[in-house]
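Enquirer: Quick one: structure below, then a few questions.
The values are calculated or read from the model by the stated rules, or taken from the named source; none is laboratory data. All values derive from a computational prediction rather than experimental measurement. When we count neighbours, we look across all protein chains shown, and the Cβ atoms used for this are built from the backbone with ideal geometry, even at glycine.
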Amino acid sequence: MWPLIKKDLRISVSTPIAAALFALFLFITGFAFSAHVTRPSPYHLPEASMRGMIYFIAVILLFLAPLLTMRSFAEERRSGTLELLKTAPLSDLQIVLAKFLSHFLLLALLLLLTVEYPVFLFLSGEPDIGPLALSYLGLLLIGSAFIACGLFCSALTRNQLIAALFCFILLLTLWFLDEVGGEVGASLSILKHLEAFSQGVLDLADFSYYLLFTFLFLFLTVRYLEAERWR
C-alpha cells in the first residue's frame with residue numbers, strides 16, 4: 001500500500017496544477033493573515049484574528065479539496081489504469097485508503113506551511129495556544145472529510161471536472177445546511193462543527209462527526225469499487 005501512497009503523492013506534487021494550487025493557497029492565506037493582523041481590534045486579542053483565519057482556511061479547502069481529489073479515480077478510469085490497479089495484490093479498501101492517505105499527507109503539508117502565522121503571533125504577543133492547536137486539529141478533520149467526499153465523487157465518473165463540480169456542490173450544500181435545515185441541519189452542517197475547535201473546545205460530538213463523515217464516504221467509495229467488479 002505504501003508504494004501506491006508514494007506514487008499518488010509524487011503525482012500530486014509534481015503536476016503544474018498542484019504547484020499552482022500550492023502557490024495560490026499560500027498567497028491567499030498570507031494576504032488574509034496580513035489583513036487580519038493589521039485590522040484594528042477593540043479587544044487586542046491576536047488569537048481572535050487567527051480564529052477568523054481558521055474559517056478562511058476552511059473556505060479555501062472547500063474549493064481546493066475537489067481540485068486535488070478530482071483525478072484520484074476519474075483519471076485512473078479514463079486512462080485505463082484503474083483496471084490494472086484492481087488486478088494488483090491490493091484490496092479495494094487498501095486502494096481507497098492509500099489514495100486517502102496520500103491526499104491527507106498533502107493536506108497536512110499545506111497546513112504545515114501556514115504554521116508561520118501562529119509563530120508570528122507568538123513572537124509579537126501572547127496568544128492562547130489551546131484555540132490555535134485545536135483549530136489546526138479541526139482543519140485536519142474537516143480537510144479529511146473533504147478529501148473522503150472528493151474520492152467518492154471521483155470514483156463515480158471518468159471526467160475530472162464533473163468529479164470536482166459534484167464534490168463542490170455536495171460540500172457546499174452541507175456547508176450551508178445549518179442556514180436552511182434548522183436544528184437538524186445544524187447538526188449535519190460540516191461547518192458548524194468547526195466552531196468549537198476554533199474556540200479551543202474539544203467536543204466529542206464534533207470530533208466524532210468528522211470521523212464518521214470521513215468513514216462514511218470512504219466506505220461508500222469502497223463499496224462502489226467493489227460493485228464495479230461484479231459488472
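Enquirer: Which of the residues spanning segment 197-231 are without any contact (Cβ under 8 Å) to a residue 60 or more places away in the chain, of a type in the set (A, V, I, L, M) and touching a helix residue (DSSP H, G or I) at 6+ places or on another chain (Cβ under 8 Å)?
Expert: Listed by number, the list holds a single entry, Ala205.
Enquirer: Only one of Ser144, Ser187, Ser198 is of a type in the set (Ser, Thr, Tyr) and modelled with pLDDT of 95 or more; which? Spell out the reasoning first.
Expert: On the way: Ser187 fails: modelled with pLDDT of 95 or more; Ser198 fails: modelled with pLDDT of 95 or more.
After applying the criteria, what remains is Ser144.
Enquirer: Pull out all pairs, ordered by first then second residue, where Cβ-Cβ is under 6 Å, the residues are six or more apart or on different chains, the first lies in segment 83-97 and is surrounded by 14 or more Cβ atoms within 10 Å (Cβ to Cβ), and the second is in a helix (DSSP H, G or I) and not charged (D, E, K, R).
Expert: Asp92/Val222; Asp92/Leu225; Leu93/Val222; Val96/Leu218; Val96/Thr221; Val96/Val222
Enquirer: Is it the case that some residue within segment 111-129 is within 12 Å of the chain's Cα centre (by Cα) and either in a helix (DSSP H, G or I) or at pLDDT 85 or above (or both)?
Expert: Filtering segment 111-129 for residues within 12 Å of the chain's Cα centre (by Cα) gives 111.
Those still in the list that are either in a helix (DSSP H, G or I) or at pLDDT 85 or above (or both) too: 111.
Yes, some residue in segment 111-129 is within 12 Å of the chain's Cα centre (by Cα) and either in a helix (DSSP H, G or I) or at pLDDT 85 or above (or both).
Enquirer: Oh, and also: Within the bounds of segment 152-161, is there any residue that is touching a helix residue (DSSP H, G or I) at 6+ places or on another chain (Cβ under 9 Å), modelled with pLDDT under 95, buried (at least 21 other Cβ atoms within 10 Å of the Cβ) and not polar (S, T, N, Q)?
Expert: Yes.
Enquirer: Oh, and also: Of the conditions (1) within 24 Å of Phe213 (Cα to Cα); (2) crowded, with 20+ Cβ neighbours inside 10 Å, Val59 fails just one. Which one is it?
Expert: (2)
Enquirer: For segment 12-29, give me the residue count where each residue is surrounded by 13 or more Cβ atoms within 10 Å (Cβ to Cβ) and free of Cβ contacts under 8 Å to residues at least 40 places away in the same chain.
Expert: Within segment 12-29, residues that are surrounded by 13 or more Cβ atoms within 10 Å (Cβ to Cβ) and free of Cβ contacts under 8 Å to residues at least 40 places away in the same chain number 2.
Enquirer: Go through segment 199-224 residue by residue and tally those that are in contact with an Asp or Glu (Cβ under 8 Å, 6 or more places away or on another chain) and closer than 15 Å to Phe100 by Cβ.
Expert: Residues that pass the stated criteria total 1.
Enquirer: Across segment 73-92, which residue is modelled with the lowest pLDDT among those that are within 26 Å of the chain's Cα centre (by Cα) and among the polar types (S, T, N, Q)?
Expert: Across segment 73-92, the extreme among qualifying residues is Thr81.
Enquirer: Moving on to the next point. If I ask for residues that are of a type in the set (Gly, Ala, Ser) and within 16 Å of Tyr224 (Cβ to Cβ), which ones from segment 112-163 would you list?
Expert: Correct list: Ala148, Gly150, Ser154, Ala155, Ala163.
Enquirer: What are the pairs with Cβ atoms under 9 angstrom where one residue, in segment 142-157, is more than 20 Å from Leu188 (Cα to Cα) and the other, located anywhere, is surrounded by fewer than 24 Cβ atoms within 10 Å (Cβ to Cβ) and of a type in the set (Ser, Thr, Tyr)? Sequence gap at least six, or different chains.
Expert: Within 9 Å, the pairs are Ala155/Tyr224; Leu156/Tyr224.
Enquirer: Now, a different point. Which numbered condition trips up Val119, out of (1) in contact (Cβ under 8 Å) with a residue 40 or more places away in the chain; (2) out of contact with any His (no Cβ under 8 Å at 6 or more places or on another chain)?
Expert: (1)
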